[in-house]
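This report refers to the structure that appears directly beneath it.
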Amino acid sequence: MSLVTTKEMFAKAYDGGYAIGAFNVNNMEIIQGITEAAAELKAPLILQVSKGARAYANRTYLMKLVEAAIIETGLPICLHLDHGDSFELCKACIDDGFTSVMIDASSKPFEENIELTKQVVAYAHDHGVVVEAELGTLAGIEDEVVVAEGHASYTRPEEVEEFVSRTGCDSLAIAIGTSHGAYKFKPGTKPQLRFDVLEEVSKRLPGFPIVLHGSSSVPQDLVAKVNNYGGNMPGAIGVPEDQLRKAASMAVCKINIDSDLRLAMTAAIREHFALYPDHFDPRQYLKPARAAIKDVVAHKLVNVLGCDGKAF
């Protein structure tokens with residue numbers, strides 16, 4: 001099996017009331033942990049690479065690692081560029097063999113967002129690649145994406161029909177209250193996604209796949225483990241998983257998860273060094289880190305996304 005696009009994945013997810021997990025990858029252990037969980041649960045999968053990850057790991061290494069995952073698992077896997085910020089970056093990823101790209105021009109004025117998105121869509125569709133675009137801006141930090149809390153804005157449903165029809169994009173990331181990074185909501189607050197916005201968007205775009213970014217739940221047991229072993233993470237809570245599951249049962253076909261993987265990996269490595277301070281072989285501490293990622297992904301696939309058993 002080779003890389004696939006998200007077209008068939010999203011059509012099945014929309015009709016089936018579940019979402020596909022889009023997990024950010026940076027190295028071999030992260031890819032292994034994600035794909036081992038998905039293979040055991042027979043779940044379709046999106047592996048996504050940010051601009052920063054591509055620079056860190058080297059584009060050739062990442063492509064070969066993803067190819068290895070396909071060979072080992074036989075899963076339908078889509079390779080996606082997360083938060084592409086220019087036509088040139090999207091084009092480079094398409095030329096490298098990515099089957100999906102995101103052009104994120106959400107920080108630009110509406111007309112500029114449309115023009116840049118149209119440019120990417122034209123090139124991508126000529127090469128059999130699908131395009132995710134974004135309307136609305138999420139607060140938080142993810143690699144080069146930095147939006148101050150006061151500058152976040154919910155997606156305006158009245159704009160989505162025009163945007164999709166004029167750009168020809170294949171899926172749309174919207175802002176309904178999620179945020180990038182681990183520091184989402186202060187303890188004592190009650191995070192609440194704007195399901196009214198999601199419902200209105202889905203009415204205006206019937207059958208069209210919607211995407212949620214910034215959807216890590218920031219498990220408090222992992223935060224505690226990081227802090228118990230020398231970390232100093234301030235208190236924060238993530239997006240409630242029951243709200244994500246509700247979104248997945250509606251028009252949301254793709255849910256991005258990154259911070260929870262980083263948290264699981266860091267917690268496992270910190271714990272390992274606390275218990276075995278004399279270890280220096282990377283295999284000794286990366287093996288439990290990989291297992292921790294696998295556990296988090298398995299939980300998400302079953303309890304949040306509902307896509308287990310949906311690979312074939």
Item to check | Equivalent ellipsoid semi-axes, the range 1-117, via Cα gyration tensor eigenvalues times 5, rooted, Å | outcome: 24, 18, 11
Checklist entry - Can you run phi through the Karplus equation (6.51, -1.76, 1.60; θ = phi - 60°) for the range 223-230 and list ³J(HN,Hα) in whole Hz, with x for Gly and Pro? => result 4, 4, 5, 4, 6, 5, 10, x
Checklist entry - To the nearest 10 degrees, how steep is helix 7-16 against the longest Cα principal axis of the chain, on a 0 to 90 scale? => result 90
Next on the checklist: As a test, work out the antiparallel percent of DSSP beta bridges whose residues both lie in the chain, rounded to the nearest 5.
Outcome noted: 15
Next on the checklist: I'd like the Karplus ³J(HN,Hα) series for the range 269-285: coefficients 6.51, -1.76, 1.60, θ = phi - 60°, whole numbers in Hz, and an x wherever there's a Gly or Pro.
Outcome noted: 5, 4, 5, 4, 5, 5, 7, 10, x, 8, 6, 9, 7, x, 5, 5, 9
Item to check | Förster radius 35 Å - calculated FRET efficiency between residue 56 and residue 162 (Cβ-Cβ, nearest 0.05) | outcome: 0.40
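Which percentage, to the nearest 5, of the DSSP beta bridges contained in the range 1-132 is antiparallel?
Within the range 1-132, antiparallel bridges account for around 0 percent of the total.
For the range 197-257, what is the convex hull volume of the alpha-carbon atoms per residue, in Å³?
It comes to 79 Å³ per residue, whole-number rounded.
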Item to check | 0 to 90° range, to nearest 10: angle between helix 87-96 axis and the chain longest Cα axis | outcome: 60
Checklist outcome for this item: The percentage of the accessible area of the chain (probe 1.4 Å, all protein chains present) made up of carbon and sulfur atoms, to the nearest whole number, is 53
Checklist entry - What FRET efficiency do you get for residue 40 and residue 12 if R0 is 25 Å and r is their Cβ-Cβ distance, rounded to the nearest 0.05? => result 0.80
Next on the checklist: In Å², and per residue, what accessible area does the chain have when probed at 1.4 Å with the other protein chains present?
Outcome noted: 43
Checklist outcome for this item: Between the modelled labels at residue 220 and residue 96 (7 Å from Cα along Cα→Cβ) the distance in nm is 3.9
Next on the checklist: Here are a few candidate values for semi-axes √(5λ) of the Cα gyration tensor in Å: [x] 33, 22, 17; [y] 34, 26, 15; [z] 29, 23, 18. Which one was actually calculated from the structure I just gave you?
Outcome noted: [z]
Item to check | the chain: most fluctuating residue of 83, 299, 213 per GNM, C-alpha cutoff 10 Å | outcome: 299
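The values are calculated or read from the model by the stated rules, or taken from the named source; none is laboratory data. All of these numbers come straight from a predicted model, not from anything done at the bench. Every residue, glycine among them, receives a Cβ derived from its backbone with ideal geometry; neighbour counts consider all protein chains shown. Accessible surface areas use protein heavy atoms only, side chains included; no ligands, DNA or RNA. Shrake-Rupley method; radii C 1.70, N 1.55, O 1.52, S 1.80 Å.
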